[in-house]
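S.K.: The structure follows.
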Amino acid sequence: MRKLNHTHGGNITEISKRYDLRAEDVIDFSASINPLEMSKKARQIVIDGLDSVLHYPEQFAETLTSQISDFHGIPEECILAGNGSTELIYLIPRVFKPKKALMVIPTFSEYRSALELVGCNTDTFLLSEENGFKLEVERLIGALEGKYDILYICNPGNPTGALVSKDAILEIVDKASNYGTLSIVDEAFIDFVEDESVKKAAIERPNLIVLRSMTKFFGIPGMRVGFAISSKENIDRMMVYKEPWSINSLGSIAAIESLKDTGYMEESRRFVEKERDHLFSSLADIRWLKPFPSVANYILARIKNGGLDADMLFDILAKKGLLIRSCTSFEGLGNRFFRVAVRKREENERLANGLRQVQ
Ligand SMILES: Cc1ncc(COP(=O)(O)O)c(C=O)c1O
């Protein structure tokens, strides 16, 4: 059997061993996590709540689900919490048993892995660099044409950072519905542009499932919390296949507290926007780089010329303790693309300096 592709950023332990660095000396630009880290209030709740691990967590994270419901204005019966959105990415093909899928690429590799496990055939719809990785709605609708059971769109795109408007997503979802295609819209990074979420539309549309992650924006990737929003009927179907206790007690209380910390959320958006603009300009000023505009907390860039590819660049920077995400494993991108997370100003400057010294 073919090995699944689980290449991702954030492998600090492995990389620090490989490059003989101390983990604390590595600056991780390869995983796109909130540069302000987790909410201070959430952190305190986790410390104070350590003893909660002495008991089983709620079977289906009912208290967290209720908090998500209040925060997002979605009925509880239309929400299913998971152990990161990854658990739900793997759950969906098991529940809906698609035979043929279309994925808008370049994108997150786990959709394909999850689909292949249930024997689903996959086609891809390639976004072009010439078009700034913008999704051409009519072309996608044309490609769908009754041929697919399931469609995957990541919005904002990872690794591109490009946003598809809410109206465009809904136009695609509704056309897909006419063809009997279930649309999965992965909004793992939409918190940075929350108004563009199609979360509310998912309540009433039986062919739409929205996936949300709480690990990136809320800075808790080690605690694994995410959720799906869809019609009550779809959530009920997914519940049948869902294991109990997959959201642990600490992840659950951290996520609940994070959703109460509106000050942290506002500050995170402001901070990321400012630092993203600054980092973008620094990258754009490097003559051999082409960065792509992003609405999220990461930037995709291409090495324009010379004999350098993204893996070589990764190696050069890793030796300096700067960890970038080479995008050579992303289907549909060549070997010259890499992605960097937006971090704090001083760290971003160290990255820009490291890059300037390369060629
Ligand atoms: C686009 C996208 N979706 C989903 C995930 C999974 O996130 P999590 O399982 O931490 O919620 C990731 C993680 O990198 C991602 O980039």
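S.K.: For the structure I just gave you, tell me whether residue 224 is open to solvent by 20 Å² or more (accessible area, probe 1.4 Å), within 16 Å of the ligand (Cβ to nearest atom) and in contact (Cβ under 8 Å) with a residue 12 or more places away in the chain.
M.R.: yes
S.K.: For the range 86-103, which positions are open to solvent by less than 10 Å² (accessible area, probe 1.4 Å) and within 15 Å of the ligand (Cβ to nearest atom)?
M.R.: Across the range 86-103, the qualifying residues are 88, 89, 91, 92, 93, 103.
S.K.: Here is a follow-up. Identify, please: which residue in the range 188-197 is crowded, with 24+ Cβ neighbours inside 10 Å and not aromatic (Phe, Trp, Tyr) and is, among those, nearest to the chain's Cα centre (by Cα)?
M.R.: If we take residues in the range 188-197 being crowded, with 24+ Cβ neighbours inside 10 Å and not aromatic (Phe, Trp, Tyr), then 188 is nearest to the chain's Cα centre (by Cα).
S.K.: Sticking with this one: Could you list, in sequence order, all residues of the range 166-186 that are within 16 Å of the ligand (Cβ to nearest atom), part of a strand (DSSP E or B) and among the aliphatic types (A, V, I, L, M)?
M.R.: 184, 185
S.K.: Another question about this same structure. Provide a single number: the residues in the range 227-270 that are part of a loop (DSSP other than H, G, I, E, B) and crowded, with 22+ Cβ neighbours inside 10 Å.
M.R.: Adding up the residues that qualify gives 2.
S.K.: Let me ask another. I'd like the full set of residues that are touching a residue at least 40 places away in the same chain (Cβ under 8 Å), buried (at least 18 other Cβ atoms within 10 Å of the Cβ), assigned to a loop (DSSP other than H, G, I, E, B) and of a type outside the set (Val, Ile, Thr), limited to the range 110-165.
M.R.: 127, 133, 148, 149, 155, 156, 157, 158, 159, 161, 162, 163 - these are the residues of the range 110-165 that are touching a residue at least 40 places away in the same chain (Cβ under 8 Å), buried (at least 18 other Cβ atoms within 10 Å of the Cβ), assigned to a loop (DSSP other than H, G, I, E, B) and of a type outside the set (Val, Ile, Thr).
S.K.: Additional query: Any idea which of (1) touching a Pro at 6+ places or on another chain (Cβ under 7 Å); (2) within 17 Å of residue 230 (Cα to Cα); (3) β-branched (Val, Ile, Thr) is the one residue 198 doesn't satisfy?
M.R.: Evaluating residue 198 over (1) touching a Pro at 6+ places or on another chain (Cβ under 7 Å); (2) within 17 Å of residue 230 (Cα to Cα); (3) β-branched (Val, Ile, Thr) leaves (1) as the failure.
S.K.: Among what's in the range 65-107 and is among the small types (Gly, Ala, Ser) and in a helix (DSSP H, G or I), pick the residue that is nearest to residue 148 (Cα to Cα).
M.R.: 85
S.K.: Among the residues of the range 30-53, are any part of a loop (DSSP other than H, G, I, E, B), of a type in the set (A, V, I, L, M), touching a residue at least 40 places away in the same chain (Cβ under 8 Å) and touching a Lys or Arg at 6+ places or on another chain (Cβ under 8 Å)?
M.R.: Yes.
S.K.: Quick one: is residue 282 part of a helix (DSSP H, G or I), outside the structural domain of residue 163 (by TED's automatic domain parsing) and in contact (Cβ under 8 Å) with a residue 24 or more places away in the chain?
M.R.: yes
S.K.: Yes or no: the range 202-215 includes at least one residue that is under 30 Å from residue 326 (Cα atoms), open to solvent by 30 Å² or more (accessible area, probe 1.4 Å) and not assigned by TED's automatic domain parsing to the domain that holds residue 31.
M.R.: no
S.K.: So, in the range 42-55, exactly how many residues are surrounded by 15 or more Cβ atoms within 10 Å (Cβ to Cβ) and either farther than 26 Å from residue 340 by Cβ or modelled with pLDDT under 95 (or both)?
M.R.: Residues that pass the stated criteria total 4.
The values are calculated or read from the model by the stated rules, or taken from the named source; none is laboratory data. Owing to the predicted nature of the structure, the values given are computational and were not obtained by experimental measurement. For neighbour counting, all protein chains shown are included, and Cβ atoms are generated from backbone atoms with ideal geometry for every residue, glycine included. In case anyone asks, the SASA skips ligands and DNA or RNA and just uses the protein heavy atoms, side chains included. Shrake-Rupley method; radii C 1.70, N 1.55, O 1.52, S 1.80 Å.
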